[in-house]
Amino acid sequence: MRKRFFVFLLIFSLFMCACGADDGGDQPEVPAGSNVVYVYNYGDYIDPDIIDMFEEETGIKVIYDTFDTNEEMYPIISSGSVRYDVVCPSEYMVEKMLANGLLAEIDLDNVPNFQYITESCRQFAESYDPGNKHSIPYTWGTVGIMYDTDYIEEGSITKWSDLWKEEYRDEVMMMDSLRDIYMVALKQLGYSANTTNEQELREATDLLIAQKDLVYKYATDAIRDFLLNESASIGVIYSGEVLYCQEEDDSLVYVLPEEGSNVWFDSWVIPANCRNKENAEAWINFMCRPEIAFKTFEYIYYATPNQGAIEMIEEEYPEFMDNMALFPDEEALAKCEIYHYLGSEADQMYNRYWKEFKAY
Amino acid sequence: MSRNKQLRNLSLSGPYLFWIIGGTLIPLVMMLWYGLTADDGSFTLANVLAIGEPGHAKALGQALLYSAISTVICFLLAFPLAVILRKSKMGVKGFILFVFILPMWMNFLLRTMAWQVLLEKGGVINGVLTWMGLPRMRLINTPGAIIMGMVYDFLPFMIMPLYNVMSKIENSVIEAAKDLGASDWQVLYKVLLPLSVPGIVSGVTMVFVPALTTFVISNMLGGGKIFLIGNVIEHEFTVGDNWHLGAGLSLVMMVFILISMAFIAKFDKNGEGNLI
């Protein structure tokens, strides 16, 4: 009887494995050597017209797939189950892919439009992709504070420490994600958002605990909605959300805090196992063309790293020029940092302190 | 047993076996395996003992406190209702039960979300208050809101077993008590209450255990400010990406479930307090 039970268990598990294994992407087979480029990007992250324009101009057929999170994209690329030619991950994922040897070097001779990428973006990119050899920024942004000038006087919030003021009790919404909330506390204390020093983490934890009673809510995506329906008037938010919110309610203002913040990038990369490298480079070059970068901006409303596009925004939308979500203060930007992967030991330390703060 | 009969028995019990193995046994074994191993696969008790860390212990303490309070409130609400239901006529009884069971047909998340809309700073309740010229109240993101949500979500689980066990008490028992000179209060305390112990035990566990392990209610009505043990476990399985610790802490929670099961077994020998 026991033996039969184990056989059953084994068959059952095999069956379950078979069910689980069958969800790799199905890719329409195009004969090798034909003129195609396989693009893998975030969902709703491009103006569909651009794909048509690229196909028309170059004669290269685009096969376009989307993903929702970096974590979902990574195993598909690393397992090689589907071979894409060009992918658009976030900076920490670029760092991880690079460390695991999954990225091909981009031949910049084939991407002359790289010249339009601004100097400051190149410098940030250096910190996760030394030499700018493997990734080319597509969009970027910061984490900052958005507040409602109907309730709070414009200009009265300029730094993270303002969120600790007693007068804003029950008005402040903080980010409910570990790295972002610790970034706020660490930056305020003048430490790096990538610290692995336990003492600094201890201080940041105490700071967050001290703020807890004043905070209205810890949330992530909901912060945007709560600001819009005026449940609370101050929220920590990704700059990418800002233009959408301001379109709905023009009394909302975004600031990049003086102490500095996090800055993030989504960049084009070419996987090492790509099949059409030259087509991929043609795609990246096309995306870096100022008119196309401008068109992208008009569609997705994220800050662009493209100098040519910035000049066009200046001309077409002068009202955006003093919007800190798109053109942050240089001084504050200089203090911003990319999140780096800190290793599993530091991760666990962050987790431990974060739980202590949450349970307090 | 003939071969044919064996085959028939297997085909009849097959779906059930499949369900038990796939839905209970394999997950349980996996949880034990994750909970008792470290990242490198070696045996360790650290994940279970981690319940003693300050953050975890505090979260467990809060969860125990909140679920105990909401269990008591549920009982105080459900017991009188069960007494009323016992005495009511068939039609009225059906209607009252229907009113209490009706919300259970709606999705649990949706109902909790509805409370968010009600309790929010700019929400319905505060809207009514300001309309009446009263100051706004701070309702959401407080311990009170979480307990409120627990009571609301789990009250039917207290009502059903209490009603079940009480409707089985013969009227003659109560008449006999009254004949022997018991007052109404004495009937309640000395007859109805002791006779409904199986239902009470079953109701208490059915409210206490889910309230103890919830993370959705504390997330939605606590605004991320209140962290229960369920939230810790959820965090370890998602963002924290430490399944070993998550499973280890779940094993600690299993202890509470086992204690409850032992209680039911002791007090509810005939299964009288069962929902159905």
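The values are calculated or read from the model by the stated rules, or taken from the named source; none is laboratory data. If you're wondering where the values come from, they're calculated on a predicted model, not measured in any experiment. Positions of Cβ are backbone-derived with ideal geometry, glycine not excepted, and every protein chain shown enters the neighbour counts.
Just to be sure, is A:Tyr74 modelled with pLDDT under 90 and touching a helix residue (DSSP H, G or I) at 6+ places or on another chain (Cβ under 7 Å)?
Yes; evaluated as a whole, the condition is true for this residue.
Taking the options A:Thr205, A:Thr296, name whichever one is at negative phi, out of contact with any strand residue (DSSP E or B) (no Cβ under 7 Å at 6 or more places or on another chain), among the β-branched types (Val, Ile, Thr) and away from every other protein chain (no Cβ under 14 Å).
A:Thr296
Going through region B:55-68 one residue at a time, which ones are surrounded by fewer than 17 Cβ atoms within 10 Å (Cβ to Cβ) and either of a type in the set (Asp, Glu) or more than 14 Å from chain A (Cβ to nearest Cβ) (or both)?
B:Ala68
Here is a yes/no grid of residues against (1) of a type in the set (Ser, Thr, Tyr); (2) closer than 20 Å to A:Leu333 by Cβ; (3) assigned by TED's automatic domain parsing to the domain that holds A:Ile237:
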{"position": "A:Glu71", "(1), (2), (3)": "no, no, no"}
{"position": "A:Pro75", "(1), (2), (3)": "no, no, no"}
{"position": "A:Cys88", "(1), (2), (3)": "no, no, no"}
{"position": "A:Leu108", "(1), (2), (3)": "no, no, no"}
{"position": "A:Pro112", "(1), (2), (3)": "no, no, no"}
{"position": "A:Tyr116", "(1), (2), (3)": "yes, yes, no"}
{"position": "A:Ser120", "(1), (2), (3)": "yes, yes, no"}
{"position": "A:Gln123", "(1), (2), (3)": "no, yes, no"}
{"position": "A:Lys133", "(1), (2), (3)": "no, no, no"}
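Of the residues B:Met261, B:Met254, which is away from chain A (no Cβ under 14 Å), out of contact with any strand residue (DSSP E or B) (no Cβ under 7 Å at 6 or more places or on another chain), farther than 18 Å from B:Pro54 by Cβ and at pLDDT below 90?
Among B:Met261, B:Met254, only B:Met261 is away from chain A (no Cβ under 14 Å), out of contact with any strand residue (DSSP E or B) (no Cβ under 7 Å at 6 or more places or on another chain), farther than 18 Å from B:Pro54 by Cβ and at pLDDT below 90.
Take A:Asp129 and tell me if it is in contact with a strand residue (DSSP E or B) (Cβ under 8 Å, 6 or more places away or on another chain) and not assigned by TED's automatic domain parsing to the domain that holds A:Glu311.
Against the criterion (in contact with a strand residue (DSSP E or B) (Cβ under 8 Å, 6 or more places away or on another chain) and not assigned by TED's automatic domain parsing to the domain that holds A:Glu311), A:Asp129 does not qualify.
So for region A:145-161 (the condition being touching a residue at least 24 places away in the same chain (Cβ under 8 Å), in contact with a strand residue (DSSP E or B) (Cβ under 8 Å, 6 or more places away or on another chain), in a helix (DSSP H, G or I) and crowded, with 21+ Cβ neighbours inside 10 Å), does at least one residue qualify?
yes
Name, by its number, the condition in (1) crowded, with 19+ Cβ neighbours inside 10 Å; (2) over 16 Å from the mean Cα position of the chain (by Cα) that does not hold for B:Val83.
So B:Val83 meets the others, but not (1).
Taking only pairs six or more apart or across chains, which ones have beta-carbon atoms under 6 Å, a first residue in region A:219-232 that is within 11 Å of chain B (Cβ to nearest Cβ), and a second residue that is of a type in the set (D, E, K, R) and crowded, with 20+ Cβ neighbours inside 10 Å?
Short answer, once both residue conditions are applied: A:Ala219/A:Asp176; A:Thr220/A:Asp176; A:Ser231/B:Glu120; A:Ser231/B:Lys121; A:Ala232/A:Glu171.
Please indicate, with yes or no, whether at least one residue in region A:141-164 is polar (S, T, N, Q), within 23 Å of the chain's Cα centre (by Cα) and over 30 Å from A:Ala232 (Cβ atoms).
no
Would you mind stating whether B:Thr71 is β-branched (Val, Ile, Thr), over 25 Å from B:Val255 (Cβ atoms) and buried (at least 16 other Cβ atoms within 10 Å of the Cβ)?
The answer is no for B:Thr71.
For residues that are in a helix (DSSP H, G or I) and away from chain B (no Cβ under 13 Å), tally how many sit in region A:333-360.
Adding up the residues that qualify gives 3.
Among the helices (runs of 4 or more DSSP H) lying completely within region B:115-205, list those that include at least 2 residues that are closer than 24 Å to B:Thr71 by Cα.
Qualifying helices (runs of 4 or more DSSP H): B:143-166.
Being surrounded by fewer than 17 Cβ atoms within 10 Å (Cβ to Cβ) and more than 14 Å from every other protein chain (Cβ to nearest Cβ) is the requirement here; does A:Gly260 meet it?
no
Which members of region A:117-140 meet the condition of being surrounded by fewer than 21 Cβ atoms within 10 Å (Cβ to Cβ) and of a type in the set (Gly, Ala, Ser)?
Residues satisfying the conditions are A:Ser120, A:Ser127, A:Gly131.
When you check A:Ala334 against the structure, is it surrounded by 17 or more Cβ atoms within 10 Å (Cβ to Cβ) and on the phi < 0 side of the Ramachandran plot, yes or no?
So A:Ala334 fails the test.
Residues are listed down the side, and each one gets a yes or a no for (1) crowded, with 21+ Cβ neighbours inside 10 Å; (2) part of a helix (DSSP H, G or I); (3) at pLDDT 95 or above:
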position	(1), (2), (3)
A:Asn273	no, no, no
A:Phe297	yes, yes, no
A:Glu311	no, yes, no
A:Glu315	no, yes, no
A:Asp322	no, no, no
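Looking at (1) at pLDDT 85 or above; (2) surrounded by 10 or more Cβ atoms within 10 Å (Cβ to Cβ); (3) more than 14 Å from chain B (Cβ to nearest Cβ), can you tell me which one A:Gly59 breaks?
Unmet for A:Gly59, out of (1) at pLDDT 85 or above; (2) surrounded by 10 or more Cβ atoms within 10 Å (Cβ to Cβ); (3) more than 14 Å from chain B (Cβ to nearest Cβ): (2).
Given the conditions (1) part of a loop (DSSP other than H, G, I, E, B); (2) over 30 Å from A:Asp213 (Cβ atoms), report the number of the one that B:Leu102 does not fulfil.
(1)
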